[in-house]
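All of the numbers you see were taken from the coordinates with simple rules; none came from a lab. This is a predicted model, so every value here is computed, not measured. Every residue, glycine as well, gets a Cβ built from its backbone with ideal geometry; the counts of neighbours run over all protein chains shown.
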Amino acid sequence: MSTARTTEAPLALLAKAAGPARAWPPKALGVARLLARYGTRAHRRKLGRLQELGLIDRIPSDAQLFAGAIDMLRFWISPAAADYYAEKGIDYTFHQVLRFVDDPAAVGDPIGVFSERDAIIGHLMQVVHANPVYDLQLLMLFDDGHAELEGQLEAMLAGTHPRASSIAAIVEEPDYHARLLDYVRVFRREPRTPPPLRSNIQGRFDAVERTFGSLPAAMRYFGRLPERWPDALRHLRSVETFPLELAEPEPGKSPARE
């Protein structure tokens, strides 16, 4: 089976991802709300809630969050995604353009703590995830997060979701939404159920997947980074490859450095 993403011309995909003109003002408002939240302390309240839920041990400083977000992008999200799309014969840069025109707010927050519920859900639906657990755990911030995700996935599969056409222009695996829906239902019953990993992860990105694939592990990594801004910026300038000494340990082992 194929999808619009793998069969249609680039201009047709761009038009579908952009959607009708009436969809553009809400997209712009979503970006404006996201940018406004970057200037507030709302993310600290969300982190506090995650701590109350037992999902994180301690709250990283803003410098640690900033450095951690960049490390997550450069060592995990971008290289694993670029590898996957190269396997599929899909241009990674153009894929990011499609994501942006579909929902610009969904690409502006790599760690998700500044995002609204529907931006997280949209991100889960528009990207074949290497590991969906991080975002599913993030949705626990919202009382109806998992129920809403399940409902929107059902609408996608029925073809009734308002963004069905734009998301279909981005997702390259025709059974992705059905597989994600199956896992969401299992996760809601038992959150410790092992996640479905994307086809290119095991054996190639094991250490970074263990570190960034779940919210608790990612926040532990962030907490191992320098706490103060000058030191965090120094880390970003000096560390060019994934620091294995800071990685989440394999099960049964202790981290090399705290």
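Things to note:
- Note on the range 1-137: the alpha carbon radius of gyration divided by the globular reference 2.2 N^0.38 Å gives 1.15.
- Short-range pairs are left out: with C-alpha atoms under 8 Å and at least six residues apart, the relative contact order of the range 95-178 is 32 percent.
- Using just its DSSP H runs of length 4 or more, each adding -39500 (n - 2.57), the chain gives a mean residue ellipticity at 222 nm of -17000 deg cm²/dmol after division by all residues.
- Summed residue charge, Cβ within 13 Å of PRO174's Cβ, Lys/Arg positive, Asp/Glu negative: 0
- Projecting the alpha carbon convex hull of the range 110-208 along each direction and taking the average yields 6.6 nm².
- Normalised radius of gyration (Cα atoms, divided by 2.2 N^0.38 Å) for the chain: 1.00.
- Each 5 Å bin from zero holds the following percent of Cα-Cα pairs in the range 141-195: 4, 19, 26, 25, 15, 9, 2.
- Cα centroid of the range 1-59 to Cα centroid of the range 148-193, whole Å: 16
- Remark on the range 106-162: hydrodynamic radius 11.6 angstrom, per the Kirkwood mean of 1/r across alpha carbon pairs.
- Neighbourhood charge, 13 Å Cβ-Cβ cut-off, centred on GLY145 and excluding it, Lys, Arg +1 and Asp, Glu -1: -3
- Neighbour net charge for ALA232 - beta-carbon separation under 15 angstrom, K R +1, D E -1: +1
- ALA36 versus GLU8: modelled label distance in nm, points set 7 Å from Cα along the beta carbon direction: 3.2
- Take the chain and mark each of the trypsin sites (Lys or Arg not before Pro) that is in a DSSP loop with at most 13 other Cβ atoms within 10 Å; the longest unmarked stretch, sites excluded, is 59-191.
- Contact order relative to length of the range 4-246, as percent, for alpha carbon pairs under 8 angstrom and 6 or more apart: 33
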